[in-house]
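See below for the structure under consideration.
The values are calculated or read from the model by the stated rules, or taken from the named source; none is laboratory data. Please read all numbers here as calculations on a predicted model, not as lab measurements. As a convention, Cβ positions derive from the backbone with ideal geometry for all residues, glycine included, and neighbour counts pool all protein chains shown.
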Ligand SMILES: Nc1ncnc2c1ncn2[C@@H]1O[C@H](COP(=O)(O)OP(=O)(O)O)[C@@H](O)[C@H]1O
Ligand SMILES: [Mg+2]
């Protein structure tokens, strides 16, 4: 991972014909920062994470991660951003139900067989049996699916990680693992943006964006 990372949001706004979801968002985050993204349900937390992940575009304003504006990326540059720079753990796990855990993990180009020991360590870390690797995702519980997204995120090891309410379905033990994982990511110089209301997690944030 690159040691120096920076995320700058400048006057971001997201509107659709009926209304403005958020506006005037500015932020300056550097290596090691965990940014909490707060706001009531429907305030646009998921939409903002999608903008940071190049899956959505803000209506105006600039996102800059290490000099890259994800909103302007196309084709190969966009694939590279999604492959090497950012990982997103979706709220509803974001996995393809009919695919195996392995295929879901390998979606963005990572291969488990590159380093099986590392993959096993990640499974152990998030307390998921390694034999789940070849199970179809629909056979897993909501909490297990959320842990698969976290395992995928951990294995991909990108400098920017985006987590959407990652601890919502997790007990205290697993929530603590997420916190330790995020702290470790930040200690290595990464940046984390995490949508959450969870007091267990909020206490560790360096800065926050409140969408109201
Ligand atoms: N392009 C759009 N057109 C119409 N409604 C949208 C659009 N994008 C988002 N929304 C609405 O904005 C709201 C915010 O969504 P979301 O980002 O999921 O909020 P949160 O994650 O904070 O609950 C939702 O009600 C969603 O349906
Ligand atoms: Mg959401």
From the residues in the range 126-185 that are surrounded by 15 or more Cβ atoms within 10 Å (Cβ to Cβ) and at positive phi, which one is nearest to ligand 2 (Cβ to nearest atom)?
165
Away from ligand 2 (no atom under 13 Å from the Cβ), touching a strand residue (DSSP E or B) at 6+ places or on another chain (Cβ under 7 Å), over 23 Å from residue 196 (Cβ atoms) and not in a strand (DSSP E or B): which single residue out of 71, 15, 10 fits that description?
71
I need every pair where a residue in the range 6-18 that is over 13 Å from residue 71 (Cα atoms) and touching a residue at least 24 places away in the same chain (Cβ under 8 Å) has its Cβ under 8 Å from the Cβ of a residue that is assigned to a strand (DSSP E or B) and near ligand 1 (Cβ under 7 Å from one of its atoms), sequence separation at least 6 or different chains.
15/21
Restricting attention to the range 28-43, which residues are over 19 Å from residue 87 (Cα atoms), touching a residue at least 60 places away in the same chain (Cβ under 8 Å) and part of a loop (DSSP other than H, G, I, E, B)?
39, 40, 43
Give 35, 63 a once-over and let me know the one that is touching a helix residue (DSSP H, G or I) at 6+ places or on another chain (Cβ under 6 Å) and either within 16 Å of ligand 1 (Cβ to nearest atom) or closer than 25 Å to residue 198 by Cα (or both).
63
Among the residues of the range 197-212, write down those that are modelled with pLDDT of 95 or more, under 17 Å from residue 46 (Cα atoms) and part of a loop (DSSP other than H, G, I, E, B).
211
With respect to residue 80, is the statement that it is under 21 Å from residue 188 (Cβ atoms), more than 16 Å from ligand 2 (Cβ to nearest atom), surrounded by fewer than 17 Cβ atoms within 10 Å (Cβ to Cβ) and modelled with pLDDT under 95 true?
yes
Of 21, 48, 25, the only residue that is in a helix (DSSP H, G or I), surrounded by 15 or more Cβ atoms within 10 Å (Cβ to Cβ), within 16 Å of ligand 1 (Cβ to nearest atom) and at pLDDT 95 or above is 48
Please find, within the range 4-18, the residue that is modelled with the lowest pLDDT out of those that are away from ligand 1 (no atom under 12 Å from the Cβ) and surrounded by fewer than 18 Cβ atoms within 10 Å (Cβ to Cβ).
4
